Structure formats: structure tokens, C-alpha cells
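Input: a single structure, listed below in C-alpha cells.
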Amino acid sequence: MKIVILGTAYPYRGGLAAFNERLAREFMAEGHEVEILTFTMQYPSFLFPGKTQYSDEPAPADLHITRVMNSVNPFSWIKVGRTIKKMNCDLLVIKFWIPLMAPCLGTIARIAKNKHMKIVSVLDNVIPHEKRPLDKLLVRYFVKSIDRFVAMSDSVLSDLRLFDKNKPAVLCQHPLYDNFGARLSREEARQRLSIPQDQTVLLFFGFIRDYKGLDLLMQAYADSRIDKQKVRLVVAGEFYNNKDKYLSLEQELGLTGLIDWRTEFIPDSKVAQYFSAADLIVQPYKSATQSGVTQIAYHFEKPMLVTHVGGLAEIVPDGKVGYVTEVDAGQVADAIVDFCKRQDGDCFLQGIREEKRKYTWRRMTEAISND
């Protein structure tokens, strides 16, 4: 097939770009012709909460990526829609993650549509974590432009059915992020990151947004049962919300100097170091659909602690690959204490290796391309 993927890709950074680029590689490995059309401007700078939207990594040499789309310029949408229509492709794949992008992506899909081409959307979210006025109107506009959907959690599939009850939709959970290289030894990774070798390392990874529950983790880490000399909390990711809130909480909880803040954007080239250095990946989210962080943890074969929200519990079986708790600092602390008491640091390894077999990119490409 001739396939166009419409969405975030290099030179933009982060999980959306990583997903689309890895998906393109899987389709190419199956023998398809693939082109990614990405943004000339993704977010206006005043709407972007981080320091930069752009990667400083080298451009991927194996992918055909063209920057053509301005998310706020309707004339760009018309041009891109017409371009795709002329490309005479068999499949248009659109990653959808936020209602703000609905006018751009939905308009392009409408203009590009023809009888020959199928338009499929892979849904990160339908209803966003951080709600805004007009969300439902915008989502409805986008949904009407799509032929088929692939939802990456049951909760997203349920949300989709609030807007469309009839269009074909399937569940295919987020594949492994296996594009960050091989696992390093714990000793080598910690040496590179200047993390002590003799501590149990808890890793909170990714953009810091309020819904991800870092405040809950900090409250749990302050529990008197946790020996801060033996347990190290590493927070690796850029602040997207309320930096002062977390620094004030650190002081209130008596944790000043005890949290290892690595609050810059973590480039792809360093992801392996952080996950290889960690003992337990902690995601105490207050709301969620699915998370790419869990699939990085699976790739590096690390146990996880997640909260029972959205689709997280679907992919992290409690007691097999880690812990599932309620959204409660006390329960998060209980799980951390239990993990630290275990003598075997690889106690979940067998379960992780069994579960990770489910999350292949071939399953995702089949879900997208099969009618």
C-alpha cells in the first residue's frame, strides 16, 4: 500500500513523534510505501508550556518526512488536503490526541477524502485530561471526518462511542517503545547519570503535568517508612505545569534536597540510561487513558507502579509486573514499601517478559490496515 501518516514527527520531539516514526518504520518493514506529513507549526509558542517543541537529535535518515502543515492556518489545511488527494494513497493515518487539533486534522481529512483511500485515526484520547471550552464540539467535528478508529484503551473506546456509535472501531493497546536502544547494566546507567549504586531508585518519567500525580508521589515518598538514604526518587522530565507548586510541596513535606530533580527534556539518546538505572517506574496518575511510559518500561523490562485510572490497569497486571493502587498517597507508599522489602530486585521479571509479548507494532499495523 501507499500510506500517508499525518501528524507529529521530526523535527518535533516527544511521544507523538516517536509513535508516528516507529509506526512508519513498521509499515515500511512490511513492504509498504510510507510518507509522513508533519507540521511547519504545531503549537503557537504562547500555547506551548515547555521550553521548546523541537528536537536537537539528528534527523532520522530512514524516513520520508515533509513539513507542510500549519495547525492554525486554514489555507495550509486546504493545501495539505489537496496534496494528499493528489497523492492517490491507499491509507491515511491520523494520530489524534487533543481537540485543539481537530479543525486542522478534520478539515484536511475532509478535503483529502476519496473513494479509494481509507482514513483511520489512532486515538490517544478523545476527551482530554485537561478540559477546555468547545472540546466536545471540536471532537465531534474531527470524528465525523474519519472512516475507522483504533483506540489504545477501553476507556478511549468508550469515550469515542459518546460521539459516534456506528463507525468501525477496534481496541489495540499501545505497542512497545523499542526505539530507544538496548538496556544498559544498572551499574553503567547509574554511573553515567551520577546516581548512587546502593539505592533503590524510583523513576517518575516524562512531562510534568498536574494530572500525572507527581504531588501524590511526593506525599508517598515523604512516608516515614521509606528510608530516604536507601530509596532515591528521580524526577526526569520537563515541567509543563506549576513548577512552584511542586517545589513548595517539597519544602512542606520536608523533602528539600532528597528528590533528584532532572527537570529538563530527556532526549531520546538518554532514555535508556534513565530506565536502565531505575528499579521501579512510578506513574501515580490522577487521570489517564494509556501511557507511552509503561511501554518504555516494558521494553527495558522494569516493574511499574500505576494507579487504577483509565487504561493503565489493563496493561499493568497487579502483582505480575508491578503494582496497581488507587489514587491515594498512602496506597502508593504501601506499594513502594512492599517493593523495597523484596529481596529479589527482578521479582517481576518473568511476568514482564510474558506480558510484553502482547504489545507488538505488527498488531498495531494490522489494527489500522484491516477492514
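In table form, for the structure just shown:
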| item | result |
| --- | --- |
| Whichever lysines have a C-alpha closer than 16 Å to that of residue 230, once near sequence neighbours (fewer than 8 apart) are set aside | 341 |
| 14 Å Cα-Cα reach of residue 85 towards aspartates and glutamates, excluding residues that sit fewer than 8 places from it in its own chain | 35 |
| Magnitude of the charge dipole, the chain, Cβ model with Lys/Arg +1 and Asp/Glu -1, debye to 20 | 1520 debye |
| Stretch gain in nm, segment residue 211-residue 308, where the contour uses 0.36 nm per residue and the Cα spacing is subtracted | 33.6 nm |
| Longest segment of the chain lacking GluC sites (Glu not before Pro) that sit in a DSSP loop with at most 15 other Cβ atoms within 10 Å | 131-263 |
| Cβ-based exposure ranking for 89, 347, in which fewest neighbours within 10 Å come first | 347, 89 |
| Value at 222 nm in deg cm²/dmol, rounded to 500, when DSSP H runs of n ≥ 4 in the chain each add -39,500 (n - 2.57) | -10500 deg cm²/dmol |
| Distance between modelled label sites at residue 227 and residue 61, nm, 7 Å Cα→Cβ extension | 5.0 nm |
| Kirkwood Rh (inverse of mean 1/r, distinct Cα pairs), region 128-196, angstrom | 15.6 Å |
| Overall dimensions of region 2-171 by Cα: Rg and Dmax, Å | 15.2, 43 |
| Listed residues 142, 193, 87: farthest to the positive end of the dipole of the chain (Cβ charges) | 87 |
| Unsatisfied cross-links (Cα-Cα over 30 Å) in the set 228/302; 86/356; 79/115; 167/243 | 86/356; 167/243 |
| Normalised convex hull volume, the chain, alpha-carbon set, Å³ per residue | 133 Å³ |
| Extreme residue, positive dipole direction of region 186-356, given options 339, 251, 269 (C-beta unit charges) | 269 |
| Kirkwood Rh and Cα Rg combined as Rg/Rh, region 186-356 | 0.92 |
| Loop chymotrypsin sites (Phe, Trp or Tyr not before Pro), region 234-264, which have at most 14 other Cβ atoms in a 10 Å radius of their Cβ (DSSP) | none |
| Antiparallel DSSP beta bridges within region 1-126, as percent of all bridges there, nearest 5 | 5 percent |
| Net lengthening on full extension, residue 137/residue 357 (0.36 nm per residue, minus Cα-Cα) | 75.4 nm |
| Cleavage-rule hits, trypsin sites (Lys or Arg not before Pro), region 148-187, DSSP coil, Cβ neighbours within 10 Å at most 11 | 165 |
| Share, in percent, of DSSP beta bridges within region 172-326 that are antiparallel, nearest 5 | 0 percent |
| Within region 51-116, trypsin sites (Lys or Arg not before Pro) in DSSP loop having at most 11 other beta-carbon neighbours inside 10 Å | 51, 115 |
| Chain lengthening between residue 87 and residue 245 when straightened (0.36 nm per residue, less Cα-Cα) | 52.0 nm |
| Net charge over other residues, Cβ less than 15 angstrom from the Cβ of residue 210 (K, R count +1; D, E count -1) | +3 |
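Every number here is computed from the coordinates shown, using simple stated rules; none is lab data. Just so we're clear, the structure is a prediction, and the values are computed from it rather than from any experiment. For neighbour counting, all protein chains shown are included, and Cβ atoms are generated from backbone atoms with ideal geometry for every residue, glycine included.
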